[in-house]
Amino acid sequence: MQKFLKSPFFKLVASVALASIFYFTTPHCLSKTTIGGILLTLLVLINGSKLIGKYAVITHVARVLVGGLFIFSGFIKSNDPLGFSYKLEEYFEVFKADTGLSLFDWLAHISLPLAVTVCVSEVALGILLLIGFKKELTLWLLLAQIVFFTFLTFYSACYNKVTHCGCFGDAIKLTPWESFWKDITLLVLITLLFSGKDNISPLFNPMISNLLTVVGIAVSIWFPVHCYRNLPLLDFRAYAPGLSICEGKKPGPNYKAAVYESHFVYKNIQSGDTTEFTDKNYPWQDTLHWKFHRSLPSVVISPEVDAPKIPDFTINDLDGNDITDSILNIKEYNFYLVCYDLNKTEQNPELIAKINDFYTLCQKNNLHFIALSASSAEQISNFKHKYNALYDFYNMDGIVLKTMIRSNPGLMLMHNCRVVTSWHYNNFPVYSQVQTTFMK
């Protein structure tokens, strides 16, 4: 029996059966021709392993590409593990809304350790593949990870759920479909690695391989933890030091707005059948034959071109009045204390005392110091009374605040609408040092 399960015939039958399931169950957003082409390619690679294995160069090229890309992807996400955890939360919220399963609420609560785990696994697997150590375990873990992410990106692209996958953080932003095709490419390359796995040999003896593995995993754990407890080492956001928020709010010279098409489902009153229409042909006037049933997600006909890097930066006072321009037009040095959610803000008494003292010194030197939060007026009032916070609070969108700085709270120094620098609350600065170093 074991001999039969390892035979080429069983491999062919099993792979064709699995491919057939995918072919007939794939949603309509991917054409049958496209999914057929993908599955046929994988079938050829899986069942042609003997031929592929004769060409070691194919295996080594795939090995370098997959290993290098996994290390790069893991490093970029490790540089901003908090930002990656926000992206995972977004996926879990989508799945919770679509399935109703409380499991995704639980996963959302542990999104940060999950984000770090993914970062560590990507870097570690990339290293193991490149040095050829534990190849069987490495290949199966690579396959499991890429299948999981291919499903995520396909679901996101097909149902227009998450518009930016977070695969490479803010360094390289891919659309869901671009990310899906990137994952399909990796899936093909990993399949090639399985077909030519006999060509994968360790580069070093077991002692050196073990040492490199331990060091690689240790560094891949330390780096995201360090970036989480401080700020990203490499800052690819539109709020990075040196960048102007005012400039970021402007569209590029070749700007074109996105074009959407609305889709609706109407029910035929006589037959009870439902039909999908677009905003160009829906029968809203024909009330004798059709009744509105439900709306479908809008479809992007053409994406936005050369869009503003900061499209949604708006500051409101607690009465809801837009004061964005008056805040951004401050020419002197000024400070933003960013607390996107006061319920989750670090409230260590020593830190709060440092913030209050910093604000007092700003007042003495006639410098603006404001707090920005997405919390309600009641939460803000309770916070101010509890910690004797005398600085003014203003409201902003929580997602924008989480993008501005990966710290809650975090401090930003501004000058003439430009970000001078930022601090994590673990490195909250001393006013005199800020004045000497940055305010010249």
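The values are calculated or read from the model by the stated rules, or taken from the named source; none is laboratory data. Predicted model, so just to flag it, every value in this text is computed and none were measured. Neighbour counts are summed over all protein chains in view; Cβ atoms, including those assigned to glycine, are modelled from backbone coordinates with ideal geometry.
Points worth noting:
- Ile310 being in contact (Cβ under 8 Å) with a residue 60 or more places away in the chain, among the aliphatic types (A, V, I, L, M), out of contact with any strand residue (DSSP E or B) (no Cβ under 8 Å at 6 or more places or on another chain) and outside the structural domain of Asp397 (by TED's automatic domain parsing): yes
- Which listed residue, of Thr213, Thr185, is surrounded by 14 or more Cβ atoms within 10 Å (Cβ to Cβ), closer than 17 Å to Ile71 by Cα, free of Cβ contacts under 8 Å to residues at least 60 places away in the same chain and assigned by TED's automatic domain parsing to the domain that holds Thr138: Thr185
- Among residues of the stretch 26-51, those that are over 27 Å from the mean Cα position of the chain (by Cα) and assigned to a helix (DSSP H, G or I), counted: 16
- All positions within the stretch 410-440 that are among the aromatic types (Phe, Trp, Tyr), at pLDDT below 95 and out of contact with any helix residue (DSSP H, G or I) (no Cβ under 8 Å at 6 or more places or on another chain): Phe438
- For the stretch 112-133, the criterion of being of a type in the set (Phe, Trp, Tyr) and either under 20 Å from the mean Cα position of the chain (by Cα) or in a helix (DSSP H, G or I) (or both) is met by no residue.
- Verdict on Ala257 being modelled with pLDDT under 95, under 24 Å from the mean Cα position of the chain (by Cα) and surrounded by fewer than 12 Cβ atoms within 10 Å (Cβ to Cβ): yes
- Top-ranked residue in the stretch 417-440 [being among the polar types (S, T, N, Q) and in a strand (DSSP E or B); ranked as surrounded by the fewest Cβ atoms within 10 Å (Cβ to Cβ)]: Thr421
- Residues of the stretch 399-416 satisfying the condition of being within 18 Å of Tyr228 (Cβ to Cβ) and in a helix (DSSP H, G or I): Leu401, Lys402, Thr403, Met404
- Asp235 fulfils the conditions (1) surrounded by 14 or more Cβ atoms within 10 Å (Cβ to Cβ); (2) at pLDDT 90 or above except for a single criterion, (2).
Residues are listed down the side, and each one gets a yes or a no for (1) out of contact with any helix residue (DSSP H, G or I) (no Cβ under 6 Å at 6 or more places or on another chain); (2) surrounded by fewer than 19 Cβ atoms within 10 Å (Cβ to Cβ); (3) of a type outside the set (Phe, Trp, Tyr):
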site	(1), (2), (3)
Ser102	yes, yes, yes
Trp106	yes, yes, no
Cys119	no, no, yes
Val123	no, no, yes
Thr153	no, no, yes
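- For the residues Ser85, Ser7, Ser15, the requirement of being in the same structural domain as Leu192 (by TED's automatic domain parsing) and over 30 Å from Glu276 (Cα atoms) singles out Ser85.
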